[in-house]
Amino acid sequence: MSRIVAIGECMVEMASKDADTYRMGFAGDTMNTAWYLRRLLDQADTVEYFTAVGTDALSDRMVTFLQDAGLETDHILRRPDVSVGLYTIQLQEGERSFSYWRGQSAARSLAQDERALISVLTHADMAYFSGITLAILPENDRNTLLQVLADFRKKGAKVIFDPNLRPKLWEDEETMRRVVMEAASVSDMVLPSHEDEALWFGDADPAATAARYADHGSSWVIVKNGAGQILAWENGNLSLHDPVAVSEVIDTTAAGDSFNAGFIASWITGASVAGAIQSGAGLAAQVVQSRGALVNLR
Ligand code: ADP
């Protein structure tokens, strides 16, 4: 029986259907992973989502959505003066373009209160968070979150981190690089995507990405690489694994988020790293062959 807490921001998604109509949904990197984890894990396991939302009707709808997905929401913080972040997806000459309203979102205050973080992690075995979780926080709150996670890990719990590098969300690239490496140093497992890492850290290949995170103390680094081979670094052992072949890629949204869920769900049940990578790659292959972040699993 496992208890996993995913920490981050869920947003309202408004996807344009035609010129006048939008379809409302909910998405966000850590929430996507929690959503898939809930589908993959045993009912005896608990997946909790931790964030901050407002007290308005839209925030209520988000929490109801999370609960309907089977996620525990008991520790979600409520902020009376702000609401949840929102983004729109519009089709522009066949290409999807995104606009965001998340600068004032309630989730930015999720790590304001150290006691709330300690409380949500009290009975957990595993915490999952990302570079986006950190990017949206004020500097003091980043430090609070990382300290709470470091203490959580000292008690024997596992911390899993996806760097999910999004420089636009950070005050500057240098801060992003510094804080992401600090996050790796409090994490047992790091799940980066090589393309982003090469772009923002200058890694020559996936092995360089793995070595950089492993040097900061992570025991497991699993480097995703789109349609390329997945590289695993497991306590000093390097191995390469094929992704699951896909006939037609429809939409790569949440490929990495779903891979992480497939990997973690399998790893929790005692699978080898190779077996867990196959589960992650299998799930991500399904997700890239459908539209949207949250795909009904076959
Ligand atoms: P992110 O979505 O974080 O950028 P990647 O693009 O590296 O992550 O993809 C994550 C995982 O999704 C890959 O490791 C792979 O398993 C799967 N995946 C992504 N694109 C493809 C593809 N074209 N064919 C098969 N698998 C893919």
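Cβ-Cβ distance below 9 Å, separation of 6 or more or different chains: which pairs start in region 152-180 with a residue that is closer than 19 Å to Arg108 by Cβ and within 16 Å of the ligand (Cβ to nearest atom) and end on one that is among the charged types (D, E, K, R) and at pLDDT below 95?
Pairs found: Leu169/Arg102.
Can you run down the residue pairs with Cβ atoms below 7 Å, 6 or more apart or on separate chains, where the first is in region 225-247 and among the charged types (D, E, K, R) and the partner is near the ligand (Cβ under 10 Å from one of its atoms)?
That search, which allows pairs on different chains as well, returns Asp242/Gln229.
For the condition surrounded by 20 or more Cβ atoms within 10 Å (Cβ to Cβ) and not in a strand (DSSP E or B), what is the one hit in Ile160, Ile132, Ile118?
Ile132
How many residues are free of Cβ contacts under 8 Å to residues at least 12 places away in the same chain, in contact with a strand residue (DSSP E or B) (Cβ under 9 Å, 6 or more places away or on another chain) and of a type in the set (Ser, Thr, Tyr) if we restrict to region 89-136?
1
The values are calculated or read from the model by the stated rules, or taken from the named source; none is laboratory data. Quantities reported herein were computed from a predicted structural model and do not represent experimental measurements. With ideal geometry, Cβ positions are generated from the backbone for all residues, glycine too; neighbour counts draw on all protein chains shown.
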